[in-house]
Amino acid sequence: MYIFPIIIVLLAVVIFLGFRYISLASKLKRKNDELSTLISSTEKKEQKNQEFISSLSQELRTPLYGIMGLTNILVNEHPELSDNKNLKSLKFSGDYLLTLINNVLQVNVLETEKIEVDKQQIDLRELTQNVVNSFSYATENSGNTLNLEFDDEIPEKLIGNSSILSQILMNLISNALRFTKNGNIVFSVNLITKKGSMNNISFKIKHDGNEITKEDERSIYQEFIDIDKVKKSYLGSGLNSLIVRGLAKSIEGEIIVQNNSHAGSEYAFVVDLETVNENASTNNESTGNEKQKALIVDDNKLNLLVANKILSKENFECTTIDNGFDAIELAKDNSYDIILMDINMPKLNGIGTTKRIREFDHKTPIIALTAVDVTQLNRQIMQAGLNDYILKPYDKNILLEMIHKHIPNSF
């Protein structure tokens, strides 16, 4: 008697739950579709952003290469200008801009903590003086003074990465200038402790401008900064602090902030730098006077001029050519100790040119010269038979070190 109504109620509940399930499943599917579309759209935007940054980087590298190359040629051909303050500042600024471009491309590498740090001999006094000189225009136009105090106890020759040190110091000083108007910034470099060949060095920046609030402190040392405040400042944001922290960590350094409302603000970068071993063998010179032969392939005449000048100074006999097809014929008819190969050339690019050269020559080292983000080209470079690559514009010493790596008896 009561079973039938119960069955009816249960059936109604089941039907209601069934419709409810179908409705929720439909909504869930719709949300999943929207999420998939959003993810796909985000990935496409991210890819476009990366392509844009890579393309912009390439466009910036081309004129920068000319500036840096011509600056080096000017110094080499006119030794009397080697100590010229303006010329040294121009060279330093070009090097800094190049490194900045490189590190913008390496943000993903920084986030995964896989920074590769090359170390070379550096003159710390000269490096810090160049950093200060590069701010001369900014200090003059903001009414500030920027003074360098350098500890004479610091060894003359140290081992470190000049590019990373420069970027960190440039960022810290630029932030001091952001918070100072008609004031004083003191940049002091001091030897804290010395243990054996290791030197613990402090790079301290102190200014008498506005005190740094906790919010401002975060703007300097946290991942992002307050864009509205930056727009009001003279120098802007400088490097993203995410990159700065990654760079500091990459050389096992530490940034320390101290705030004193009565005396402005003070912060420092502390790092260990090793003294150069004077007894280590640095003689890589060839015992003979016979010139080695280099083939330089690049469609840009200025690039050919710069590379030719660099290698000619190192006793290389250089042949320059502006296209891949002629480079192949030259490689067939001549024997070269090294080939420098531009990647981005019209008609036949450097990868295609190298593949054809490798059909008859498997021995000659071929170094790729590229202004493109090499993370996009690694597989193609390896498959083509290129031995190594270097990003344009390049530092002369880095190029020579790479050549020496592949032909140890060079220069």
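The values are calculated or read from the model by the stated rules, or taken from the named source; none is laboratory data. All of these numbers come straight from a predicted model, not from anything done at the bench. Glycine also receives a Cβ, built like all others from the backbone with ideal geometry; neighbour counts cover every protein chain displayed. With ligands, DNA and RNA removed, areas are computed over all heavy atoms of the protein, side chains included. Shrake-Rupley method; radii C 1.70, N 1.55, O 1.52, S 1.80 Å.
Total residues in the range 386-399 satisfying the condition of being open to solvent by 30 Å² or more (accessible area, probe 1.4 Å), touching a helix residue (DSSP H, G or I) at 6+ places or on another chain (Cβ under 8 Å) and farther than 14 Å from A371 by Cβ: the figure is 3.
Considering the range 134-147, the residues that are open to solvent by less than 20 Å² (accessible area, probe 1.4 Å) and in a helix (DSSP H, G or I) include one that is farthest from A268 (Cα to Cα), namely S142.
Screening the candidates K204, K229 for the property of being open to solvent by 60 Å² or more (accessible area, probe 1.4 Å) and at pLDDT below 90 yields one hit, K229.
Scanning the range 148-162 for residues that are surrounded by fewer than 19 Cβ atoms within 10 Å (Cβ to Cβ), within 27 Å of the chain's Cα centre (by Cα) and not in a loop (DSSP other than H, G, I, E, B) yields L148, F150, I159. The number of residues in the range 315-343 that are surrounded by fewer than 18 Cβ atoms within 10 Å (Cβ to Cβ) and touching a residue at least 40 places away in the same chain (Cβ under 8 Å) comes to 3.
Within the range 77-98, the set of residues being of a type in the set (S, T, N, Q) and modelled with pLDDT under 75 comprises S82, S89, S93. For the range 273-284, filtered to residues that are farther than 30 Å from S202 by Cβ and exposed (fewer than 11 other Cβ atoms within 10 Å of the Cβ), the residue that is modelled with the highest pLDDT is N283.
The residues on offer are Q376, Q383, and the sole one that is surrounded by fewer than 18 Cβ atoms within 10 Å (Cβ to Cβ), modelled with pLDDT under 95 and within 25 Å of the chain's Cα centre (by Cα) is Q376. With the condition kept exactly as written, say whether any residue in the range 337-350 is assigned to a loop (DSSP other than H, G, I, E, B), modelled with pLDDT of 80 or more and in contact with a Lys or Arg (Cβ under 6 Å, 6 or more places away or on another chain). Yes, the range 337-350 has at least one match. Scoring A368 on the criteria (1) under 30 Å from L74 (Cβ atoms); (2) out of contact with any Asp or Glu (no Cβ under 8 Å at 6 or more places or on another chain) leaves a single failure, condition (2). Total residues in the range 163-188 satisfying the condition of being in a strand (DSSP E or B) and surrounded by fewer than 21 Cβ atoms within 10 Å (Cβ to Cβ): the figure is 3.
S57 falls short on exactly one of the conditions (1) within 30 Å of S162 (Cβ to Cβ); (2) modelled with pLDDT of 70 or more, and that condition is (2). As a summary of the residue check, K309 satisfies the conditions (1) open to solvent by 60 Å² or more (accessible area, probe 1.4 Å); (2) part of a helix (DSSP H, G or I); (3) of a type outside the set (A, V, I, L, M, F, W, C); (4) more than 27 Å from F92 (Cβ to Cβ) except for the one numbered (4).
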